[in-house]
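The structure under discussion appears below in the form of structure tokens.
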Amino acid sequence: QAKSAGRNRLCFFDPATQAAMAERALLEAELRRAVDLQQLELHCQPQVARDGRLMGGELLMRWRHAERGFISPAQFIPLAEQTGLIAPLGEWALQQCCAWLSRWTEDPALAPLTLAVNLSALQLRQKGFLGLMQQQLARSGVPAGRLKIELTESALLEDTEAVIGLMAQLRALGLQFSLDDFGTGYSSLAYLKRLPLTQLKIDQSFVRDLLEEPNARAIARAIIQMGDSLGLEVIAEGVETRAQRDLLAEQGCHAFQGWFYGRPMPIADFEALARTWSGKV
Ligand code: C2E
Ligand code: MG
Ligand code: MG
Ligand code: MG
């Protein structure tokens, strides 16, 4: 045992590891300041119903770093989760989401739209989340039904009962829930029937391989049928081509999101798009 501990130690002082750790520490310190420096931005990607109606959008976080340029959320969200920074980041995203929705209530082209925000499991399980949500809704005056929370299955791996209970309370307020990246997690089927969801989101890996791989096609169809039977809206993410969109539509998919309809864009651009939207099938 001493030997293996010794080996781990050696690893620890490996120069490459050390450089990576220093790099990480720097990035962490910078991320800590990013909110204050207003380096974080939310972009919005359109979500479109089968009949071509614009249903709303998903907010995706971007970090415009002074020297490194754009850093992907795939990189900094895990770091934020490991360091506890996800709490202020997530709270900021929620607050922004409510603020935009509140603005939209004044505009007939925007008022019917929903906005989805991605929430980490950690944030949902944080003490006082329900209260925070209630406060945000009350302060912004936003109808809760316009707000959609996207969770991944990993959000449900720990404290499952407590999370389900909290979700039920949030549903009772009117919030909607989407299960993101569906089909890539582990525990989906066991919990699916118990989760107070409104939407299933087919993971983009299945959509990507749709035309080439019969297996991906079969899985997509199965998810659509299952979601449909459970009374859930099914949306496909990562739809890049008309052929993918048409195949999914043929299989009964209710809604689509992806580059075929629009890339994530600054929210002002999304508003302009919504005002001129005349249906896109
Ligand atoms: P996600 O929620 O599953 O988002 C989908 C990802 O696919 C986004 O990457 C989006 O830009 C990208 N995408 C959209 N359409 C297409 C397409 O047609 N083709 C391809 N190849 N990709 C497409 P992004 O923006 O880099 O976000 C990555 C992940 O980071 C998100 O996955 C989400 O899990 C997480 N994330 C983003 N914003 C937030 C946030 O505000 N809070 C939290 N907790 N997580 C976030
Ligand atoms: Mg998402
Ligand atoms: Mg996803
Ligand atoms: Mg994802």
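The values are calculated or read from the model by the stated rules, or taken from the named source; none is laboratory data. None of these values were measured; they are calculated from a predicted model. Please note: Cβ atoms are built from the backbone with ideal geometry, for glycine as well, and neighbour counts cover all protein chains shown. Heavy atoms of the whole protein, side chains included, go into the accessibility calculation; ligands, DNA and RNA do not. Shrake-Rupley method; radii C 1.70, N 1.55, O 1.52, S 1.80 Å.
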Of region 143-182, those with amide N under 20 Å from the point 7 Å along the Cα→Cβ vector of Asp228 are 179, 182
In nm, the gap between the two label points placed 7 Å beyond Cα toward Cβ at Leu157 and Thr83 is 2.2 nm
Ignoring ligands and nucleic acids, Leu211 exposes an accessible area, probe 1.4 Å, in Å² to the nearest 10, of 80 Å²
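Mind checking the full-extension length gain between Tyr186 and Arg33? Use 0.36 nm per residue of separation minus the Cα-Cα distance, one decimal, nm. Walk me through the numbers on the way to the answer.
Working: separation 153, 0.36 × 153 = 55.08 nm, distance 3.51 nm.
Difference between extended and current length: 51.6 nm.
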When the chain is treated as a Gaussian network with springs between alpha carbons less than 10 Å apart, the largest mean-square fluctuation among Leu37, Leu156, Leu247 is found at Leu37
When the charge dipole of the chain is computed with +1 at the Cβ of Lys and Arg and -1 at the Cβ of Asp and Glu, the Cα pointing farthest to the positive end, of Pro88, Met265, Val207, is that of Pro88
Under 16 Å by backbone N from the virtual spin label 7 Å along Cα-to-Cβ at His65, the residues of region 30-50 are 30-35, 37-41
Rounded to the nearest 10 degrees, the helix 267-276 long axis (Cα) sits at an angle to the longest Cα principal axis of the chain of 10 degrees
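Stretch Ala111-Glu213 to full length: gain in nm at 0.36 nm per residue minus the Cα-Cα span? Spell out each step's value before the answer.
Numbers: separation 102, 0.36 × 102 = 36.72 nm, distance 3.96 nm.
Between Ala111 and Glu213, full extension yields an extra 32.8 nm.
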Sorting His65, His254 on solvent-accessible surface, 1.4 Å probe, most exposed first, gives His254, His65
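For region 160-281, report the accessible area per residue in Å² (1.4 Å probe, heavy atoms, rounded to an integer).
Values: 5620 Å² over 122 residues.
Ligands and nucleic acids excluded, the figure is 46 Å² per residue.
Total Lys pairs in the chain closer than 23 Å by alpha-carbon, pairs eight or more apart in sequence or interchain only? Please list the in-between numbers first.
Values: Lys127/Lys148; Lys148/Lys193; Lys148/Lys201; Lys148/Lys280; Lys193/Lys201; Lys201/Lys280.
Here the count comes out as 6.
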Whole-percent carbon and sulfur contribution to the accessible surface of the chain (1.4 Å, no ligands, DNA or RNA) stands at 53 percent
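Per DSSP helix of 4 or more residues, -39500 (n - 2.57); summed, then divided by the residues of the chain. What does that give at 222 nm, rounded to the nearest 500? Could you put the intermediate results ahead of the total?
Numbers: 12 runs with 137 residues, N = 281.
So the helix-based figure for the chain works out to -15000 deg cm²/dmol.
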Comparing Phe182, Phe70, Phe256 in a Gaussian network model of the chain (Cα, 10 Å), the one with the largest mean-square fluctuation is Phe70
With the 8 Å Cα cutoff and a minimum separation of six or more residues, the chain has a relative contact order in percent of 19 percent
Ranked by GNM mean-square fluctuation in the chain (Cα springs under 10 Å), the top entry among Met21, Met226, Met265 is Met21
